[in-house]
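Structure first, commentary second.
Just so you know, all these numbers are worked out from the coordinates, no wet-lab data involved. Computed from a predicted structure; not experimentally measured. A quick note on method: Cβ atoms are made from the backbone with ideal geometry, for glycine too, and the neighbour counts reach across all protein chains shown.
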Amino acid sequence: MPLLTNHNEKKPDVPRFNGAVEKPHANNILDSISHNVGKDIGDVAGKASKKASQYMHTTKNYVEHNPFKGIAFAAAAGIAVGSILTMASRQRK
């Protein structure tokens, strides 16, 4: 490709962009991608919310049908968390 250009050559007419013309192709692609990503994120959030609701419902039913096991599990979890927090606070001192 030569570095020097012939200034006598006629340059082709280039259409100019004004606000009334359709957006350039790259913007359409970006709009489409952002729309699809937003839709996918919404779908994932909806599925996660539904799954969390199902887990909560299952747990509630289990505790209602097995109250003593539910209390024992909650007590064991409380003791475990309390022990971990106590050990962590002793190490800081």
With only alpha-carbon atoms counted, please give the Rg and Dmax of the stretch 29-92, in Å. 20.5, 58
Length gained if I29 through I41 is fully extended, taking 0.36 nm per residue and subtracting the Cα-Cα distance, is 2.5 nm
Y55, Y62 arranged by Cβ crowding within 10 Å, fewest neighbours leading: Y55, Y62
